[in-house]
Amino acid sequence: MFHRNSLCEGRHNCMFVLAFGYRTKPLQSIHIPKDEPVKKSDSKTILMTAFEPSGDALGAMAAKGVFARDDSVRIVGLGGKEMEEAGVELLAHTSDEAAMGLHALGEVMRVKQLVDKVRKWLGENEAPLHVAVDSPAANFPVCKIARSHSMKVIHLAAPQMWAWAPWRIKKMRRLTDHVMCLLPFEPVWFKERGVDATFIGHPAMATSEAAPLQLKGDSPKVLLLPGSRSSEIKANLPMQLRIVELLKQEFPTASACIACREEDVPRVQPLAGEVPVVGDKLHESLEWADVALTTSGTVSLHVMQHAVPMIGMYKVGFLSRIGAKLLLNTPYRLLPNLIAGKEVVPEFIPCGDATRAIARSVIQLLRDPSALETQRRILREEASQYAAHHPSEEAAAIILKHV
């Protein structure tokens with residue numbers, strides 16, 4: 001089989017025979033050394049890598065958007081159940097538990113093995129684009145490999161360089177062509193530093209109609225959101241439950257509910273006592289709630305989207321707290337506060353027991369109708385920045401533009 005240029009050259013040889021009565025030098029056969037494998041080339045293959053459950057969800061969202069626009073595209077990479085169900089061909093399943101802080105040290109070898117799988121695949125296959133989903137520490141080595149194969153690189157979910165280690169922007173400029181941002185203030189920050197970026201909205205901010213949960217109990221109704229990682233649940237839920245007990249001393253009719261992923265119910269239930277636990281009913285729970293006790297992370301965006309007044313809390317270890325004080329460039333951890341650029345939601349990041357301090361803050365909020373309404377109003381205003389965005393469609397358009 002000849003390449004297209006070879007076919008053209010063969011046609012010219014025939015013309016010379018007819019016109020001048022002789023043949024040019026025949027084409028030499030193409031020799032491929034045995035120790036150099038032939039790469040499988042496909043201009044519509046995309047490499048997508050996600051290392052955490054949150055990245056798996058984002059990757060699935062983007063993949064669905066891509067396939068809806070062009071079902072001839074092939075996406076191969078690292079991810080979890082959601083990406084696989086969306087149609088991504090997985091080279092390996094990433095872990096169900098995201099590593100955070102010092103716990104990430106045990107993940108180094110696992111991540112190295114996953115990166116080596118990608119390296120091997122790229123040694124045998126060609127793809128024009130790498131989509132790095134969240135997890136910059138794990139994804140940067142993959143981005144570097146992709147660059148060595150002359151691939152374009154897009155980041156889905158901006159590395160939070162605006163929060164800590166801003167000097168990493170030099171690496172970002174080398175290893176990315178575009179950043180798809182989930183927070184409205186991020187594109188300006190990146191563009192000012194020479195990195196192309198676009199705000200695409202956030203899947204957590206999609207409008208959702210849900211009927212309130214039908215649970216026994218009167219107001220105030222307190223929703224507990226302890227997080228999704230085992231370490232988060234163990235650190236935050238016991239303190240949240242103690243806060244509920246203190247609230248009941250002030251509000252005897254108060255009721256509570258714990259909302260989590262269905263897969264987390266077996267871990268949450270043994271700690272919950274008599275407080276009901278609901279799985280995969282976050283929107284229904286938020287429609288039910290008068291106030292929420294939430295950990296930091298994406299879940300706080302869901303709370304903001306429903307305009308439920310909240311208190312933010314995230315218990316950390318002593319070393320993590322010291323590290324945060326030394327490295328963080330922002331006074332806030334909770335996403336609604338970061339988006340607003342001010343403290344709309346009281347937030348607590350204790351390394352010890354802050355039960356009484358947080359309970360006092362909740363009691364103060366519940367006793368002040370004006371404060372409750374002010375927080376609801378600001379949450380609605382900040383959430384309105386997402387109203388015109390459709391992240392799956394916008395992510396797909398940017399990805400396909402770079403293929």
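Select, from K191, K216, the only residue that is among the charged types (D, E, K, R), at pLDDT below 95 and outside the structural domain of L366 (by TED's automatic domain parsing).
Working: K191 fails: at pLDDT below 95.
Only one candidate qualifies: K216.
This table checks each residue for (1) assigned by TED's automatic domain parsing to the domain that holds I154; (2) free of Cβ contacts under 8 Å to residues at least 40 places away in the same chain; (3) exposed (fewer than 15 other Cβ atoms within 10 Å of the Cβ); (4) assigned to a helix (DSSP H, G or I).
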{"residue": "R333", "(1), (2), (3), (4)": "no, yes, no, no"}
{"residue": "V344", "(1), (2), (3), (4)": "no, yes, no, no"}
{"residue": "A357", "(1), (2), (3), (4)": "no, yes, yes, yes"}
{"residue": "I363", "(1), (2), (3), (4)": "no, no, no, yes"}
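Taking the stated definitions as given, is L215 assigned to a loop (DSSP other than H, G, I, E, B), closer than 25 Å to L379 by Cβ, hydrophobic (A, V, I, L, M, F, W, C) and within 23 Å of the chain's Cα centre (by Cα)? Walk me through it before giving the result.
Numbers: assigned to a loop (DSSP other than H, G, I, E, B): yes; closer than 25 Å to L379 by Cβ: yes; hydrophobic (A, V, I, L, M, F, W, C): yes; within 23 Å of the chain's Cα centre (by Cα): no.
So L215 does not fit the description; no.
Here C351 clears all of (1) over 18 Å from L223 (Cα atoms); (2) out of contact with any Pro (no Cβ under 7 Å at 6 or more places or on another chain); (3) outside the structural domain of A157 (by TED's automatic domain parsing); (4) assigned to a helix (DSSP H, G or I) except the condition numbered (4). Among residues that are in contact (Cβ under 8 Å) with a residue 24 or more places away in the chain and either in a strand (DSSP E or B) or within 23 Å of Y332 (Cα to Cα) (or both), W121 is not included.
Residue by residue, here is whether (1) modelled with pLDDT under 95; (2) outside the structural domain of H302 (by TED's automatic domain parsing); (3) in a helix (DSSP H, G or I); (4) aromatic (F, W, Y) holds:
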| site | (1), (2), (3), (4) |
| --- | --- |
| R242 | no, no, yes, no |
| L246 | no, no, yes, no |
| P252 | no, no, no, no |
| A256 | no, no, no, no |
| A259 | no, no, no, no |
| E263 | yes, no, yes, no |
| V268 | no, no, yes, no |
| L271 | no, no, yes, no |
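Any idea which of S370, S300 is at pLDDT 95 or above, small (G, A, S) and loosely packed, with under 14 Cβ neighbours inside 10 Å?
Numbers: S300 fails: loosely packed, with under 14 Cβ neighbours inside 10 Å.
Sole residue among the options that is at pLDDT 95 or above, small (G, A, S) and loosely packed, with under 14 Cβ neighbours inside 10 Å: S370.
With the structure loaded, tell me whether G297 is of a type in the set (G, A, S) and either farther than 11 Å from L225 by Cβ or touching a residue at least 60 places away in the same chain (Cβ under 8 Å) (or both) or whether it fails that test. It is true that G297 is of a type in the set (G, A, S) and either farther than 11 Å from L225 by Cβ or touching a residue at least 60 places away in the same chain (Cβ under 8 Å) (or both). Looking across the range 372-386, just one residue is in contact (Cβ under 8 Å) with a residue 24 or more places away in the chain and small (G, A, S), and that is A383. Please go through the range 303-333 and pick out each residue that is touching a Pro at 6+ places or on another chain (Cβ under 9 Å) and of a type outside the set (S, T, N, Q). Once the filter is applied, which keeps residues that are touching a Pro at 6+ places or on another chain (Cβ under 9 Å) and of a type outside the set (S, T, N, Q), the range 303-333 yields V303, M304, M310, I311, G312, M313, Y314, K315, V316, R321. Counting only residues that are surrounded by 24 or more Cβ atoms within 10 Å (Cβ to Cβ) and either on the phi > 0 side of the Ramachandran plot or assigned to a strand (DSSP E or B) (or both), the range 286-297 holds 3 of them.
Testing E186 on (1) surrounded by 22 or more Cβ atoms within 10 Å (Cβ to Cβ); (2) under 18 Å from D56 (Cα atoms), one condition comes back false. Which one is that? Checking E186 against (1) surrounded by 22 or more Cβ atoms within 10 Å (Cβ to Cβ); (2) under 18 Å from D56 (Cα atoms), the one that fails is (2).
The values are calculated or read from the model by the stated rules, or taken from the named source; none is laboratory data. Keep in mind it's a predicted model, so treat the numbers as computed, not measured. Please note: Cβ atoms are built from the backbone with ideal geometry, for glycine as well, and neighbour counts cover all protein chains shown.
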